[in-house]
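The values are calculated or read from the model by the stated rules, or taken from the named source; none is laboratory data. Only a predicted model underlies this, so the values are computations on that prediction, with no experimental measurement involved. Cβ sites come from the backbone with ideal geometry, for glycine too, and all protein chains shown count toward neighbours.
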Amino acid sequence: MEFFTNLMSGMTERFGPMAPLLAVGLLGMLLILMALPIVMKRQRDRFRELKDQGPKATTDSKRKLRKTDRVDKLEKFAHFLEPQKKEELSAAKLNMLRAGYTGKNAVRMFHAVQFLLAIIFLIGGLIIAFVKSLSQEMSAVDLLLHSLLPCAIGYYIPRYWVNKRVKQRQTEIIQGFPDALDLMLVCVEAGQSLDQSIIRVGKESRAGYPALADEFDMVAQEVKAGKERVAVLKDMAERVGVPDVASFVTTIIQSATFGTSVADALRVYSADMRDKRIMRAEEKANMLPTKLTLGTMLFTVPPLLVILIGPSVYGMVTMLTQLAGGL
């Protein structure tokens, strides 16, 4: 007990009154880092062991084609880096697909980056708090702010980035979809099938709208792989999350179901998409005066009042000064 008391008093004299709290925080971080390998240790999978006992050549070839070292490393921590509920995992995968990350381990990488950034920012905040405590006294609230606030920022940076990517891709798809429909209509009227038209549209729209080209290329590859076109188009509508694409998929499916001409359906729907794009542009143009009103009030009215009322105010002040001097 005496040794512990002397140690605490020595730390307090050297590092200030916040030394015990810093020591407790560093000890907690050390215990967390020591416990992570145990918590994240993958449980033994008997079914995988039986599968690995099959023909060695076949297993090795499958591993070379379908897996990489990064995927294998992340699979060890899959139960820790992925949501355990099926609905949450499906929603996370869909969100990563909408952001443009189509890899098999995209969800694992996202949670791994979240965890690493949170730990790095937490350690950085503790170091900054420790350095500040050497020169000035810090309260417990300041220490919590220096540690927990950077940790929260590091944790939410990947989520903010993914949400920003989702919005950017959806905006790009909305902007390029009318042009893609016009090109698809030209290809269909020229005699190409719908599958060939999708391939051509994906190729031609690559320069201007790469996100839309990626979606059309994925549709073409899934159709080539033997998946039904209706299911592929529905998956595209769900993956993109744009109402215009969902309406287009519904139109194509209905056209194929009732046996109507695909060219006629594309002609009507492409005209509707062009009208919608014009309406969006007009809506933004009509909102512009309202947005400029605040700037006009802040930067135009005060200088105008100074110019108009300033001389009168100056004259009145001068006259009152002269009257006060005369009295």
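Evaluation of L126 against the conditions (1) crowded, with 17+ Cβ neighbours inside 10 Å; (2) touching a Phe, Trp or Tyr at 6+ places or on another chain (Cβ under 7 Å) shows that the sole unmet condition is (2).
For the subset of the stretch 246-260 comprising residues that are more than 36 Å from the chain's Cα centre (by Cα) and either assigned to a helix (DSSP H, G or I) or modelled with pLDDT of 85 or more (or both), which member is nearest to A231 (Cα to Cα)?
Step by step, filter the stretch 246-260, then rank; the result is T257.
Total residues in the stretch 261-292 satisfying the condition of being touching a helix residue (DSSP H, G or I) at 6+ places or on another chain (Cβ under 9 Å), among the hydroxyl-bearing types (S, T, Y) and part of a helix (DSSP H, G or I): the figure is 2.
Could you tell me whether L181 is in contact (Cβ under 8 Å) with a residue 40 or more places away in the chain and under 30 Å from Y269 (Cβ atoms)? Here the answer is yes, as L181 does meet what is asked. Among the conditions (1) assigned to a helix (DSSP H, G or I); (2) not assigned by TED's automatic domain parsing to the domain that holds K93, K164 misses just one, which is (2).
Conditions (1) among the aliphatic types (A, V, I, L, M); (2) modelled with pLDDT of 85 or more; (3) surrounded by 10 or more Cβ atoms within 10 Å (Cβ to Cβ), marked per residue:
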site: V219; (1), (2), (3): yes, yes, yes
site: K234; (1), (2), (3): no, yes, yes
site: I278; (1), (2), (3): yes, yes, yes
site: I307; (1), (2), (3): yes, yes, no
site: M316; (1), (2), (3): yes, yes, yes
site: L323; (1), (2), (3): yes, no, no
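Listed residues Q196, Q192; which is surrounded by 14 or more Cβ atoms within 10 Å (Cβ to Cβ), in a loop (DSSP other than H, G, I, E, B), over 21 Å from the mean Cα position of the chain (by Cα) and not assigned by TED's automatic domain parsing to the domain that holds Q114?
Answer to the selection: Q192.
Scan the stretch 169-178 residue by residue and report those that are in contact (Cβ under 8 Å) with a residue 12 or more places away in the chain and of a type outside the set (A, V, I, L, M, F, W, C). The answer is R169, Q170, E172, Q175, G176, P178.
Count of the stretch 247-276 residues, restricted to those that are hydrophobic (A, V, I, L, M, F, W, C), surrounded by fewer than 17 Cβ atoms within 10 Å (Cβ to Cβ) and closer than 15 Å to G176 by Cα, is 1.
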